[in-house]
Every structure is written in structure tokens, then in C-alpha cells.
Amino acid sequence: MDLRGALRRTAMIRPAVLAVTLPGATELRLEAEVELRRRGWPVVDAPAAADLLVVCGVLAPEEPEWLDGIERSMPEPALRVVAGESGQVAGVLDMARSDLLDRAMARHGVEVADEPGADEHGDHEEYGDKHGHGTRHDSSPPEASDDQGDQGPDHRGTDHGHGDHATHSDHAGHDHHQPADHAAHMDHMDHEGQGGHMDHMGHDMHAMAEVAGLPMAERGDDRDGLRLDQLHVPIGPALSDWPAGLILRLTLQGDVVQDVEVDHLPVLPSHPLPFWDEPWLRAAQGEEVTRGSAARRRCAAHLDSAGRLLAVVGWDDVALRCRRLRDEVLWGASREGIGGDLRRMVRRVGRSRPLRWSIAGLGELSADRARAAGLTGPALAADGDAYDRLLMWLSEIERGRAVLDDARPLALDDRIGPRGRLGGPQPPSRGLLDVLPELLTGAEFACARIIVASLDPDLDELALAPVPGAAHA
């Protein structure tokens, strides 16, 4: 076998992807997840494991510096591409794969020549430069796969007999978690430390440390009165299953969070309407929006949030099922069409004792505290911990399924988006960010990502202008 043939059968055909989503690019993230899953390209959560850095969204002037740092941490031949508009993802990925292959062959002194039929989606040249500026390239949605019921883990993500869904690469950074017996995988996790997730957290922090650097530890008073090393650790924004643009700067003593500073990438006011809140905001501007379209967006948002939380916990198979249901809801599936899959997924999550044990007690947020922070959505209604918030999302999904096909106009006073009431003195996610320091302080480091995922703030909402004089719901 010549080198060209060998390279075409290696990872360059399906490059490992590190995906980064910028604020305002939720729709692009969803498009990229579907396209990467359809192609079977693995998605990783650290630069050292990535061949390709895919950035979804419009770059602000100050962003290339930290993205440059990530790219420098990737092994050669590394490549960064940017998809800035809907419809570009498939073409950008075609171009990136071809460029990676060319670079790999050039490094080995192989003359590069075009071969007909090499690209999956046609000629990549029409898509312009490496930043993804070019013509549209729409991709068809993946086919739905057969449901496997509630008997053990869902292995559809690795079932190579399901066409477009051949490889579970929808979930970024958890490919290494796929146990043969998922119940055993969950059972080994202790309630306080989340077991093997310390390794996963370290993997994420390795990625960020490559960007921002980790300062030397200093001494500080522990809760027990001891003088222990303090370590200042930034988390984000280039993490899988992480709110786009969110940056947390943690002060750790041992494995306990002592202090939290919340920061984020710039949220440009020129961004389009927040994707998950769009139906209600359009209705507030006088457009005609049906109740069904609003219910679809709310259900899809909760499925997305549930999928991210389950992925962080390590339930990759159920997380993948949530994402497939999310996509089907957005593509217009009828309530009857998704009813069976949805009921089975909800039943499986609700019946899992290991899942409950792994996240119960994390991020306790009472209704009184949530109300004082201005929260008006599921985090307020849940009145509890991370597990309660997950169940609240699932409950709202089941309730919303009944009106997915409702063609009546959305009521003028219906301003409740997926994360809370819109049009108030602050966007719903502002309150979610405000309660993060309180919920994370005193928590173990391995639990921090679970708590964040159970709130899943949407930083796109920060671009919304507050309404003067508005009262809390």
C-alpha cells in the first residue's frame, strides 16, 4: 500500500475535531453537531487529541489570541476553520478534510494530486478561505435509528448498521467513556467526588491551561483552619458540553472550590435573536408565531440542556438520544412521531438510581433563593438540586409535546422562554450566572461542571436589552 493510500485510510479521512462555539452561534453549533455525527468524525475535548479546530460563530477582535493558543497546542498538521453562517458547516468540513490530507502528504514528501470523488460533498474549492466564507452548502438530516427500548445502555451511537448515525461523535469529548456495562460504570461513582470524572475534568483543564497558563499555587486558609495551597484555575470557554462563551475562574484548595469569578467572551449586540428564545421575541415584535413553534423550541432547548448534563455525567448513550430527539423536534416531527422515543428516554432517566445518586445534592438551589436572584424558569420551579432540575426539564418536555402541532397564535402575554420570563429587568440567564458562585463555592472540583450543566445558562441572552421599569414575574 503506498503512502497516499495509507493516509486516505487513516484519521485524516475522519479527523478528530475540537469544536468551539462562540456566543450567538447556537444554531451553527446544532448544525455542526448533526454534520459531524452524520460523517462519523470523532469529537474530542482537548487540543492534544485534535486534528481540526472548528469554530462556530463570528469572531470578535480579541478572540484570535486564545484561539491561536489552542491551535498551537494541537499536533501537526493542525488546522483551524471557522463557520460563521448557517449552511456553511458541510462545505467548511469538506475543505478542512482535504487541506488536512494535503498537509499530511506534504509532510511526508508525497506529491499531491487531485483525485476524482475524493470529497464526500463535491468540490471544496467553492467554499473560499480557511475561515469558511463562501457559498451555502445544505446537508440533509440524518435518518432516525431504531429504538432499543430500556434494556441496558443505548449503543446506537456506535452501531455501524444505522447509516448516517454510524458513529457516536455528537457528544464532544466523551468518546473514551463508552463502557460495556453502563450500570457498572455509573455504580462506581461515589456521590461526593463523581469518581472517574476527576480525570475528565483534568482533561478539560489541560485544554484551558494550554491557553491561559496555570500560575504557581499560593497558600490560603482552608475551611478547617489549615494552610493549604491555593490554585487559580480557569475553566472555559473551549470545553465540550459547556455554555458558549462562559469562563469561570476558580480558586481551589485541594479539590474544593473556595472562590468563583464568572466571566464570559463578548456577546456582540449585532448577534441575531437568541436561538432558543426566538419565537417569543419575534411574537413580541408583532410577528405571528404559533403555539406549536414556540413549544418546539422550548422542548428542543430542554432536550439540548438535558443532553449536555447527561453527557457531562457520563451517560453518553442517553445524551445522544436526547440530541437526536432535539433535532427531530426542530425538523418538525409530529408529537406522535417522537412520543414513543421520548417516553422511553424519560422513563429510563427517571428509573436510574445510579444517575440519581451521582448528581443528587449537587447545586442545591431553593425556590426562595432562586426567586431572590430573579429566576423565573425551570431552575425556580425545580426548587432543588441538579437532579431536580433535570427532572423539571423532562417534565416540561413531556408537557410541551402535547402542543407541538398547535397552529393557534401564541398568546400575547406568553413570554416564558426555556430559561424563564423574557422582557423583564434582566434576561433569564443573567440570574443563572449570578447564582453560580454561591452554588460552586464549597463544591468539589469534579462536581463543578455538573452544577454548571444543570443550570445551562444561555449567554446569547445577555445581548437582550432590559425593559425599563419591568417587574419580576
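The values are calculated or read from the model by the stated rules, or taken from the named source; none is laboratory data. This structure is a prediction, so every number in the text was calculated from the model and none was measured. When we count neighbours, we look across all protein chains shown, and the Cβ atoms used for this are built from the backbone with ideal geometry, even at glycine. Please note that ligands, DNA and RNA were not included when accessible areas were found on the heavy atoms of the full protein model with its side chains. Shrake-Rupley method; radii C 1.70, N 1.55, O 1.52, S 1.80 Å.
Does the stretch 325-346 hold any residues that are within 17 Å of residue 30 (Cα to Cα), charged (D, E, K, R) and out of contact with any Asp or Glu (no Cβ under 7 Å at 6 or more places or on another chain), and which are they? Scanning the stretch 325-346 gives 327, 328. Residues in the stretch 65-94 that are open to solvent by less than 40 Å² (accessible area, probe 1.4 Å), assigned to a helix (DSSP H, G or I) and either aliphatic (A, V, I, L, M) or under 28 Å from residue 273 (Cα atoms) (or both): how many? The total comes to 8. Could you please let me know if residue 32 is modelled with pLDDT of 95 or more, touching a strand residue (DSSP E or B) at 6+ places or on another chain (Cβ under 6 Å) and not aromatic (Phe, Trp, Tyr)? The answer is yes for residue 32. A residue that is assigned to a loop (DSSP other than H, G, I, E, B) and touching a Cys at 6+ places or on another chain (Cβ under 6 Å) can be found somewhere in the stretch 24-38.
Output the qualifying pairs, or none if there are none: Cβ atoms under 6 angstrom, residues six or more apart or on different chains, first residue in the stretch 51-75 and in contact (Cβ under 8 Å) with a residue 60 or more places away in the chain, second residue open to solvent by 60 Å² or more (accessible area, probe 1.4 Å). Pairs found: 73/210. Among the numbered criteria (1) open to solvent by 20 Å² or more (accessible area, probe 1.4 Å); (2) within 24 Å of the chain's Cα centre (by Cα); (3) more than 24 Å from residue 345 (Cβ to Cβ), which one does residue 429 miss? Checking residue 429 against (1) open to solvent by 20 Å² or more (accessible area, probe 1.4 Å); (2) within 24 Å of the chain's Cα centre (by Cα); (3) more than 24 Å from residue 345 (Cβ to Cβ), the one that fails is (1). Selection of first residues in the stretch 251-264 that are touching a residue at least 12 places away in the same chain (Cβ under 8 Å) and of second residues that are of a type in the set (Phe, Trp, Tyr), restricted to Cβ pairs under 8 Å at least 6 apart or on distinct chains, gives the following pairs, ordered by first then second residue: 252/445; 255/445; 256/445; 257/445. No other residue among 388, 304 is open to solvent by 10 Å² or more (accessible area, probe 1.4 Å) and at pLDDT 95 or above apart from 388.
The set of residues in the stretch 37-53 being open to solvent by less than 10 Å² (accessible area, probe 1.4 Å) and of a type outside the set (Lys, Arg) consists of 40, 41, 43, 45, 46, 47, 50, 52, 53.
Residues checked against (1) under 20 Å from the mean Cα position of the chain (by Cα); (2) open to solvent by 10 Å² or more (accessible area, probe 1.4 Å); (3) among the aliphatic types (A, V, I, L, M):
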| site | (1), (2), (3) |
| --- | --- |
| 310 | yes, no, yes |
| 320 | yes, no, yes |
| 328 | yes, yes, no |
| 336 | no, yes, no |
| 350 | no, yes, no |
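Among the residues of the stretch 352-361, at least one is polar (S, T, N, Q), over 28 Å from residue 281 (Cβ atoms) and open to solvent by 10 Å² or more (accessible area, probe 1.4 Å). Restricting attention to the stretch 354-363, does a residue exist that is in a helix (DSSP H, G or I) and under 24 Å from residue 37 (Cβ atoms)? Scanning the stretch 354-363 turns up at least one residue that is in a helix (DSSP H, G or I) and under 24 Å from residue 37 (Cβ atoms).
Confirm whether residue 462 is open to solvent by less than 50 Å² (accessible area, probe 1.4 Å) and closer than 30 Å to residue 234 by Cα. Answer is yes for this residue. State whether the residues of the stretch 407-422 include one that is under 16 Å from residue 247 (Cα atoms) and either open to solvent by 10 Å² or more (accessible area, probe 1.4 Å) or of a type in the set (Lys, Arg) (or both). No; the residues of the stretch 407-422 include none that is under 16 Å from residue 247 (Cα atoms) and either open to solvent by 10 Å² or more (accessible area, probe 1.4 Å) or of a type in the set (Lys, Arg) (or both). Restricting attention to the stretch 234-268, the residues being closer than 18 Å to residue 444 by Cβ and either open to solvent by 20 Å² or more (accessible area, probe 1.4 Å) or more than 19 Å from the chain's Cα centre (by Cα) (or both) number 12. Among the residues of the stretch 21-36, write down those that are among the β-branched types (Val, Ile, Thr) and either open to solvent by 30 Å² or more (accessible area, probe 1.4 Å) or under 15 Å from residue 245 (Cα atoms) (or both). 21, 26 - these are the residues of the stretch 21-36 that are among the β-branched types (Val, Ile, Thr) and either open to solvent by 30 Å² or more (accessible area, probe 1.4 Å) or under 15 Å from residue 245 (Cα atoms) (or both).
Quickly run through the stretch 240-254 and pick out the residues that are modelled with pLDDT of 90 or more and within 19 Å of residue 453 (Cα to Cα). Those that are modelled with pLDDT of 90 or more and within 19 Å of residue 453 (Cα to Cα): 241, 242, 243, 244, 245, 246, 247, 248, 249, 250. Taking (1) outside any helix (DSSP H, G or I); (2) at pLDDT below 75 in turn, residue 267 satisfies each apart from (2). The set of residues in the stretch 269-297 that are open to solvent by 50 Å² or more (accessible area, probe 1.4 Å) and not small (Gly, Ala, Ser) comprises 269, 272, 273, 278, 282, 285, 287, 288, 291.
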